[in-house]
Amino acid sequence: MRSSTSDAHAPAALDAARAALRQARSVVALSGAGISAESGIPTFRDALTGLWSRFDPADLASEEGFRAHPQRVWDWYAERREGVRRAEPNAAHRALAEFEQRHPGTLRVVTQNVDDLHQRAGSRDVVRLHGDILQDRWLDACPRRPACRAADAGPARPPRCAHCGNLVRPGVVWFGERLPESALTTAQRLASRCDAMLVVGTSGAVWPAAGLAGLARRAGASVVIVNPAASEIDDAATHLLRGAAAAVLPQLLAAA
Ligand code: OAD
């Protein structure tokens, strides 16, 4: 049964959620795009605006889309990479990192985000379910032995291997791709063993990440959801706090 569903600014709701976190020996923070929204990084759907609004997510974030239009997809990611580099962690990222430092070994961040704002705020050993937008990797396995190592330094978009023609792609998980196995296994193990899970800024629409909240709840953890809007995993919440991450997390975690 859910113990509170409230405006995050209601002191009773905050207090109940804070108490659950304070009692926990092991806490998982599962974050999504909403935690970086107040750093100016658009959520996935908000990134499909302006010039990009005529495309489907699958046109821009899938292997098929990249193979069909590599330059278009590369340019979209180049714009998003620029946004990530310019952005700074906000009060929500910092509140999680500070909690982790105050309670060593207690909190682990599991993120669906491809930005590096948790790490820049000071969180350690972040589990990255959907990769890293700032990393490059080859599109295909290199056919040569030894494998080619560097792409052309030229202006090609995307860069291409001068020897085998392989293309460079962003190191993110695209639609239809499997999550990195070790990250997913670690996240599932942490979720099934934690005493509390703090779910921040995710729509809960993308699986298997969305399943982690239910997994934690079924295993007996308290689940605190922070989101200004309804999400698809609200059913898993023991404490549902309607509010923006950068406002709620400092209050929730400061005294915990
Ligand atoms: P979404 O873009 O699906 O959802 C963002 C969520 O953040 C929504 O529920 C918003 O209500 C919430 N939100 C917005 N502003 C907020 C704020 N200031 N504080 C707290 N919450 C806020 O993002 P994700 O759930 O992360 O996948 O999406 C999951 C995956 O879908 C992404 O990782 C990406 C995308 O396709 C891959 O790249 C594989």
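Every number in this text was worked out from the coordinates using simple rules, so none of it is lab data. Just so you know, these numbers come straight off a predicted model, no measurement behind them. Note: ideal-geometry Cβ built from the backbone for every residue, glycine included; neighbour counts use all protein chains shown.
Observations, loosely collected:
- Ranked by how many other Cβ atoms sit within 10 Å of their own Cβ, fewest first, the residues Phe99, Phe44 fall in the order Phe44, Phe99.
- Per-residue [θ]222 nm for the chain (sum of -39500 (n - 2.57) over DSSP H runs n ≥ 4, rounded to 500): -10000 deg cm²/dmol
- Subtracting the Cα-Cα distance of Arg218 and Arg120 from their residue separation scaled by 0.36 nm leaves 32.0 nm.
- Gain on full extension, evaluated as 0.36 nm per residue between Ala78 and Ala156 minus their Cα-Cα distance, stands at 26.8 nm.
- Estimated distance in nm for a label pair at Ala254 and Cys142, the labels positioned 7 Å out from Cα along Cα-to-Cβ: 5.2
- The label point for Gln23 and the one for Phe175, both projected 7 Å from the Cα toward the Cβ, are 4.2 nm apart.
- Ordering of 140-148, 200-208 by packing [mean C-beta count within 10 Å, highest first]: 200-208, 140-148
- Normalised alpha carbon radius of gyration of the chain [divisor 2.2 N^0.38 Å]: 1.07
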